[in-house]
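One structure below.
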Amino acid sequence: MGQRMSSLCLNRPFSVRDVIIANPLVLAPMAGVCDGPFRLLCKEQGCALVYTEMISAMALTHDNRRTHQMMRISDEERPVSIQVFGPDPAVLADAARAAEKAGADIIDINMGCPVPKVVRNSEGSALMRDPERAWAIVRAVCGAAKVPVTVKIRKGWDESSVNAAEFAKGCAGAGASAVAVHGRTKAQGYSGKADWSIIARVVEAVDVPVIGNGDIRGPEDVARMMAETGCAGVMIGRAALGNPWIFEECLHYLRTGELLPGPTPSERIAMAARHLADSARHSGERTATSEMRKHLAWYIRGLRGATRVRDQINTAPDLEALRGILAEYRESMAPR
């Protein structure tokens, strides 16, 4: 009973300034993943706040068509945060105006991406080594946008320069309405173990909501992170790949203290087919054929015959072929 009550107490909304987030569950901004169809699937399963994949501020200034398409959002997925990245306060301020015009409910600044091509340009987690520039960026974006501005950071650059608490305090002082913290350093990338204690230290350091991120694999991890750190929200990333049900499962656990059974193989394949159809309507058949291969592989991961079907998916010439592969696979999973 104690665990049940603990979970129930954690199922609470929070606010990013004037934007109400209905529950603690947040979809992480993942490059090449968080397009409109995926965000909407996660929203339908109970995710309270979704992020776009990170969008280059410089590409927006060059009026890049594909970059503007990445900011297409629908009313069904609100509230939605458009995440931007870049090294220059003025350019990011322009990007914030574009994001607001596109309908963002929240604008997030990426200061945590560890990818070398981003870091080389003094963007992403490189900004954690240049706090004054980072805080100038936050001030510029807050000055340009009427909607709330948030920042996503990491534990620090490496273990010898762990500065998330002081960095987050500076971001909040510059106007950020919330901070998301990944419990790994830039040097770790996505390897090793996330340090949740740094999330707790950020919670203590700032008076804005903190969203915890790192090593969330299921409902019990969500409850444990909230209990251990005091964070207002929990960001789920890789665990949602091919598994939008994780939000329903986590929300149910936070409400009841009970674990739901996972989806059946047939349900997983049906969701993959639905996601494929949504992607085709959103991006066109050619783009969907290319971009959905990884998603389909994630949906069937661990199922009987998945290796064979994944090979078929990777060599399918068009959308119709992908539909046929999924239909045949689902039929093979039906009870006999």
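Some observations on this one:
- Unique match (being surrounded by 24 or more Cβ atoms within 10 Å (Cβ to Cβ), of a type in the set (A, V, I, L, M), touching a Phe, Trp or Tyr at 6+ places or on another chain (Cβ under 8 Å) and in contact (Cβ under 8 Å) with a residue 24 or more places away in the chain) among ILE107, ILE55, ILE137: ILE55
- Count of the stretch 11-39 residues which are β-branched (Val, Ile, Thr) and either part of a helix (DSSP H, G or I) or open to solvent by 30 Å² or more (accessible area, probe 1.4 Å) (or both): 1
- Taken over the stretch 40-54, the residue count meeting the criterion of being charged (D, E, K, R) and assigned to a loop (DSSP other than H, G, I, E, B) is 1.
- Checking ALA288 against (1) surrounded by fewer than 19 Cβ atoms within 10 Å (Cβ to Cβ); (2) over 17 Å from the mean Cα position of the chain (by Cα); (3) of a type outside the set (Val, Ile, Thr), the condition it does not meet: (1)
- Of TYR299, TYR253, all but one fail to be under 21 Å from the mean Cα position of the chain (by Cα), open to solvent by less than 70 Å² (accessible area, probe 1.4 Å), aromatic (Phe, Trp, Tyr) and under 30 Å from VAL202 (Cβ atoms); the exception is TYR253.
- Taken as a whole, the stretch 174-181 holds at least one residue that is part of a strand (DSSP E or B) and touching an Asp or Glu at 6+ places or on another chain (Cβ under 8 Å).
- Matching entry among VAL151, VAL141 (being under 21 Å from ALA90 (Cβ atoms) and part of a helix (DSSP H, G or I)): VAL141
- Qualifying residue in the stretch 256-268 (condition: open to solvent by less than 10 Å² (accessible area, probe 1.4 Å), assigned to a helix (DSSP H, G or I) and at pLDDT 95 or above): no
- Which numbered condition ALA239 misses (of (1) among the aliphatic types (A, V, I, L, M); (2) over 21 Å from VAL50 (Cα atoms); (3) assigned to a helix (DSSP H, G or I)): (2)
- One residue from VAL118, VAL84 being among the β-branched types (Val, Ile, Thr), open to solvent by less than 20 Å² (accessible area, probe 1.4 Å), closer than 20 Å to GLY212 by Cα and not in a loop (DSSP other than H, G, I, E, B): VAL84
- Every residue from the stretch 204-214 that is of a type outside the set (A, V, I, L, M, F, W, C), assigned to a loop (DSSP other than H, G, I, E, B) and farther than 20 Å from ASN23 by Cβ: ASP207
Table: residues versus (1) over 19 Å from the mean Cα position of the chain (by Cα); (2) open to solvent by 20 Å² or more (accessible area, probe 1.4 Å); (3) at pLDDT below 95.
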{"residue": "ALA126", "(1), (2), (3)": "yes, no, no"}
{"residue": "ARG133", "(1), (2), (3)": "yes, yes, no"}
{"residue": "LYS146", "(1), (2), (3)": "yes, yes, no"}
{"residue": "LYS152", "(1), (2), (3)": "no, yes, no"}
{"residue": "GLU159", "(1), (2), (3)": "yes, yes, no"}
{"residue": "VAL162", "(1), (2), (3)": "yes, yes, no"}
{"residue": "SER197", "(1), (2), (3)": "yes, yes, no"}
{"residue": "ASP215", "(1), (2), (3)": "no, yes, no"}
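The values are calculated or read from the model by the stated rules, or taken from the named source; none is laboratory data. From a predicted model like this one, the values you see are computed outputs, not experimental measurements. Note that we place each Cβ from the backbone using ideal geometry, even for glycine, and neighbour counts take in every protein chain shown. For the accessible areas, the whole protein counts, side chains as well, though only heavy atoms, and no ligand, DNA or RNA atoms are used. Shrake-Rupley method; radii C 1.70, N 1.55, O 1.52, S 1.80 Å.
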